[in-house]
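Notes follow once the structure below has been shown.
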Amino acid sequence: RNHQAATAWQRRAVDQVRTIGSRDGPRRRRQAETLLAGNMADAEGPQSAELLAQAAASYYRSGQVERALAAYDRAAARAREMQQPEQAFEAGFAAATIEKERRRFRDALARYRELAAQPNEPKAAEAHLLAIYCAAQVAQAQQPPQLDEYEQLLSEHLARWPQGPTASQARVWLARLATHDGKPQAAVETLQPIGPGDAQLAA
C-alpha cells in the first residue's frame, strides 16, 4: 500500500515489457503484457495509464472485449488526471476502434466525435473522419437511409480541416452524396480543390 513505491515498480515493469519486446520480438512482448495485466491490472491503489493500456491490449487479444474497453476507459481517465493528453487520446482511440471493429457504430461514432473535439490533438482529424465512416454505417442500417448526420459531419470536417490530409477523402464522400441527391454541379465544386498528386485524385 505504498503508492509511491507501487508507481515506481509499475513504471519499471512497463519499461521491462518494452525491453522484452525490442529484444525478443512481438510474441514475447504479448506474453509479457499478458503476465503484467494478470498480476497488476486489478491490483489495489493507483495505476499508471500505460499499465492500464497494456492490460487493455492483453484483454482484447484474449477475447475479453468488455474488460478491454473498461481498461482503456480507465487508462484514458488516469492519463487525463496526470495531464497526459496524448496517452488519454491513444487509449480513447483504441476503445473507439474496438467498438467500430465489432460493428457497434453508434457507440464508436460517439467516441470518435469526443476525441475529435480536442483542438490540439494531431490525430483529431483522423478521429473525425472515422466518426464520419461510422455515421455512414449507422445511416445505411436505416430504411430509408437517414443521411442528415453523415452530411453534417462531412461539412463540419471540411470547415475544420479544409487543407488537412483527410480533407480530400471527405470531399470525395460529400461529392458522392451530392451526386446521389441529384446535384452534380455541387459535386464538381466540392471536388475542385483536389489537385495533382492527391491520393484521392483518381476517385
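Per-structure values
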quantity: Breaking point among (1) crowded, with 17+ Cβ neighbours inside 10 Å; (2) in contact with a helix residue (DSSP H, G or I) (Cβ under 8 Å, 6 or more places away or on another chain), for THR179; calculated: (1)
quantity: Pairs with Cβ under 6 Å, 6+ apart, first in the range 1-25 and closer than 19 Å to ALA55 by Cα, second open to solvent by 70 Å² or more (accessible area, probe 1.4 Å) and in a helix (DSSP H, G or I); calculated: ILE20/ARG28; ILE20/ARG29; GLY21/ARG29
quantity: Long-range neighbours under 9 Å by Cβ, at least six apart or interchain, first residue at negative phi within the range 159-184, second among the basic types (Lys, Arg) and open to solvent by 60 Å² or more (accessible area, probe 1.4 Å); calculated: LEU177/LYS183
quantity: Unmet requirement for LEU147, which otherwise passes all of (1) open to solvent by less than 50 Å² (accessible area, probe 1.4 Å); (2) of a type in the set (A, V, I, L, M, F, W, C); (3) modelled with pLDDT of 95 or more; calculated: (3)
quantity: Total residues in the range 69-89, condition open to solvent by 80 Å² or more (accessible area, probe 1.4 Å) and touching a helix residue (DSSP H, G or I) at 6+ places or on another chain (Cβ under 9 Å); calculated: 6
quantity: Some residue of the range 29-41 being more than 19 Å from ALA95 (Cβ to Cβ), open to solvent by 100 Å² or more (accessible area, probe 1.4 Å) and in a loop (DSSP other than H, G, I, E, B); calculated: no
quantity: Residue in the range 51-72 that is of a type in the set (Gly, Ala, Ser), at pLDDT below 95, part of a loop (DSSP other than H, G, I, E, B) and out of contact with any Leu (no Cβ under 9 Å at 6 or more places or on another chain) present; calculated: yes
quantity: Among the residues listed as GLY92, GLY21, GLY25, the single one being more than 25 Å from TYR133 (Cα to Cα), under 24 Å from the mean Cα position of the chain (by Cα) and not charged (D, E, K, R); calculated: GLY21
quantity: Answer from GLN185, GLN140, GLN152, GLN169 - the residue that is open to solvent by 20 Å² or more (accessible area, probe 1.4 Å), farther than 30 Å from ALA75 by Cα, over 13 Å from the mean Cα position of the chain (by Cα) and modelled with pLDDT under 95; calculated: GLN140
quantity: Close pairs from the range 96-123: first under 14 Å from TYR72 (Cα atoms), partner open to solvent by 80 Å² or more (accessible area, probe 1.4 Å) and not β-branched (Val, Ile, Thr), Cβ under 7 Å, at least 6 apart; calculated: ILE98/TYR60
quantity: Per-region count, the range 8-42, residues among the polar types (S, T, N, Q) and closer than 15 Å to ALA75 by Cβ; calculated: 1
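The values are calculated or read from the model by the stated rules, or taken from the named source; none is laboratory data. Here the structure is a predicted model, which is why all the values come from computation and not from measurement. Please note: Cβ atoms are built from the backbone with ideal geometry, for glycine as well, and neighbour counts cover all protein chains shown. Please note that ligands, DNA and RNA were not included when accessible areas were found on the heavy atoms of the full protein model with its side chains. Shrake-Rupley method; radii C 1.70, N 1.55, O 1.52, S 1.80 Å.
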